[in-house]
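Report on the structure given below.
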Amino acid sequence: MRRLAALAPLAAGLIALATQAQAACRLALVVALDISSSVNAEEDRLQRAGLAAALTAPEVQQQILSVPGAPVALAVYEWSGRYQQDMVLDWRLLDSPAAIVGAAADIANSRRRYAEFPTAMGFGIGYAAGVFQRAPPCLFQTLDISGDGINNDGFGPDLAYRNFPLAGITVNGLAIGGATEDDAQVFRFYREQVIRGPGAFVETARDFTDFERAMRRKLTREMAARVYGGLARPPREREG
């Protein structure tokens, strides 16, 4: 029995290495952009341009490419009403500077499909389950969802987490706004109902003009390498 117990750490390490070898990337990251009716055309443009600029920022590119042979896979979708979710960028492996620039250009040149629907957060989160089912094999999976309002149509995040296959997926939030009590309500909603998983956190943007800065900071944290059983990871994240 003692011999078996002594072999347990070795077995765990071998399992971790086997998982690493099987995975084509270290992180499958899905970014979900809010296009509900509270987001006007200029704010939507700032989101797309901000995400594109954040991806190509030197510090973010450095994190994406920080582990040779274990890149990041990215997908982006827009969400608003119960049935208004569409892909902006389907799965793309960010394994070179050219791949990152190409993905950013596609995001920047994309156009929203809807503009008049409410904030159906539960449906928006549920949609991510299907996106992850199509993801390449990766060590970790993270949903990065942003918005400037709380759920006001259909079921909320709690029911989404209970009824969609999202186990093991970390969910981080980007709450947009910070000048009014309503904005504080959005942050609390994201902190208390949206984020999920070990080390999950909420990033904040003062408004849509601050979206690029906030997204750049958020991506830098999310794409940093992790270590589990000998694999690299960043320092323990804390809710912010």
Need at least 2 residues that are acidic (Asp, Glu) and modelled with pLDDT of 95 or more per element, so show me which helices (runs of 4 or more DSSP H) inside the stretch 1-118 make the cut, counting only ones lying wholly within it.
-> 41-56
Lone unmet requirement of (1) in contact with a strand residue (DSSP E or B) (Cβ under 9 Å, 6 or more places away or on another chain); (2) farther than 30 Å from Ala24 by Cβ; (3) open to solvent by 20 Å² or more (accessible area, probe 1.4 Å); (4) among the polar types (S, T, N, Q) for Thr119 = (3)
Just checking, which of Leu89, Leu94 is without any contact (Cβ under 8 Å) to a residue 24 or more places away in the chain, open to solvent by less than 40 Å² (accessible area, probe 1.4 Å) and more than 20 Å from Thr209 (Cβ to Cβ)?
-> Leu89
When (1) modelled with pLDDT under 95; (2) touching a strand residue (DSSP E or B) at 6+ places or on another chain (Cβ under 7 Å) are applied to Val171, the one that fails is (1)
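The values are calculated or read from the model by the stated rules, or taken from the named source; none is laboratory data. The structure displayed is predicted, hence computed values, not measured ones. As a convention, Cβ positions derive from the backbone with ideal geometry for all residues, glycine included, and neighbour counts pool all protein chains shown. Heads up: the accessible areas ignore ligands, DNA and RNA and are worked out on the full protein's heavy atoms, side chains in. Shrake-Rupley method; radii C 1.70, N 1.55, O 1.52, S 1.80 Å.
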